[in-house]
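The values are calculated or read from the model by the stated rules, or taken from the named source; none is laboratory data. The structure displayed is predicted, hence computed values, not measured ones. Because the Cβ atoms are built from the backbone with ideal geometry, glycine has one as well, and the counts that use them run over all protein chains shown. Ligands, DNA and RNA are excluded from the accessible area calculation, which covers all protein heavy atoms including side chains. Shrake-Rupley method; radii C 1.70, N 1.55, O 1.52, S 1.80 Å.
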Amino acid sequence: MVKRFPVLKEVLHLLFPMVLTMTLELSISVVDTIMLGHYSALHLAAVGLASSLWLPVGCFLIGVTFGITPLVTRHLHGRQPKLVNLYMSQAVGLSVGLGVLASLLVVFVLPHFAGMMATEEETRRVSVNYLYIFAPALPMLALMTSYKNLFEAAGRPGFPLFVASTGLILNILFNYVLIFGKFGFPAMGAEGAAVASLLSLYLAVSIFFVYDRFINKTPLFTRLVWRYTRKFSILLNVGAPAGFAFAFEVGLFSSMTWLISSFGDLALGGGQIVMSYTSFLFTPLMAMSAVTAIVVAKAMSKEGVEGVIKRVRVIVGLGLTYVTACFMVTQLFHNHIPYIYSSNEEVVALAAGILVVSAFYQFPDMLQAVFTGALRGFRDTRSSMIAFGVSLFGLSMPFGYWLSHYSSWSETLSVRGFYIGLGAGLCLLATILILRFRIVLKRYEGKRIGSPREVA
């Protein structure tokens, strides 16, 4: 079947390994949540609180590196591979510079917010210590994503899959030893999970560097151009809006965690379970978004608008199939899924009620992910940033807050009101992005994106 449909073959060649890679990367967070849920409900709440604070910062760093994808794809397929060194040099400069600033923010600012939002002294202490330990990992998070985007944009998704697999295995081992105190190590709980994540990220970047520099027969990043580590305007112009859009989306979930904290620390634990589970389901959609950006950039350089439309239709079809399966699984097993993460009955009940609601917004979430990627393939990231800001913070948050606190159904809905608001915002977001995509297509009708030398 795949041979008869070359577009489907092209998409699946990238999609399968990228889905596996991102799933394995996110599994690190899932492993943290599962292990901590069985270690202590308060430690689970502490990590949920700490993650809600650092994730928007980390996702901005990841989003900035998304600019690598259309730029590298464009020049590799435009037969200007030497420009890849310039873009990756910019990525190194951005990752280290912004990563250090992000680490300072996590160390000196975010602990104050953690102290204000936690209601239990133990939760407050553990969340602050988690932030202190994890902060130095942020530059490596950006660098690792840059390398991953480089290999995937070059059509070599296999090695990022290997790195993700290795990282997950190491993280499980580190977590087991450090969280529960095995082989003579003290039981560190959430602080041990932070150390495990820190070590895993540094090792992942080291593996990418050593392989591409010394083992890879056709290396991609062959030379660091020092002056471009400080001259990164092209990458920043494309990546910064994508970074803000990604941070806005994750920031909304984080904001919901902060708002949920008013319902108590056990509600925080339930919210962390939902975030972990829905993030796991969203991982293939993130891969679809990345694949869409790659195939759109490639199609525009070779076939034009018609090639773009063919590929987007295929990806949307795959996405609908996937989210329909997720919807059915979540609805059927929403009472059982939380037990994977925690044995606390109150936390499980809270999470189960939220999962019923979260299953519905996976459909608009798929559409926004695909069309965000499509626009990124056209290097149109500012419109996505604006759409995310308007939809998520202009509708989702105020509407969800009203439902949970002031509507006539507030007592019945409670925490679930925030997630109904999230679904409404995602529907608006998907609509805006689809309309914007149609406008961009009309602009490029009859044209192809060339590959001018625009870095220097």
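Things to note:
- Rolling a 1.4 Å probe over the protein chains gives residue 294 an accessible area of about 10 Å².
- Kyte-Doolittle mean at least 1.0, axial Cα span of 24 Å or more - DSSP H helices of the chain: 6-39, 41-65, 83-108, 158-180, 190-210, 233-260, 265-302, 305-333, 416-444
- Residue among 335, 419, 353 farthest towards the positive dipole end of the chain, charges placed on Cβ: 419
- Of the residues 140, 180, 407, the one whose Cα sits farthest toward the positive end of the charge dipole of the chain, with +1 on the Cβ of Lys and Arg and -1 on the Cβ of Asp and Glu, is 140.
- Size of the chain as Cα extents on the principal axes (Å, biggest first): 58, 52, 41
- For the chain, size of Cβ-based charge dipole, Lys and Arg +1, Asp and Glu -1, in debye: 2680
- Largest to smallest in accessible area, the residues 213, 376, 124 fall in the order 213, 124, 376 (1.4 Å probe, all protein chains included).
- Shape category assigned to segment 233-392 from the gyration tensor of Cα positions, a/c cut at 1.5: oblate
- Heavy-atom surface of the chain, accessible at 1.4 Å and reported per residue (Å²): 41
- Report summary: the helix-based calculation at 222 nm, which adds -39500 (n - 2.57) for every DSSP H run with n ≥ 4 and divides by the residues of the chain, gives -26500 deg cm²/dmol.
- Working ranking of peptides 39-51, 146-158 by packing, defined as the average number of other Cβ atoms within 10 Å per residue, highest first, is 39-51, 146-158.
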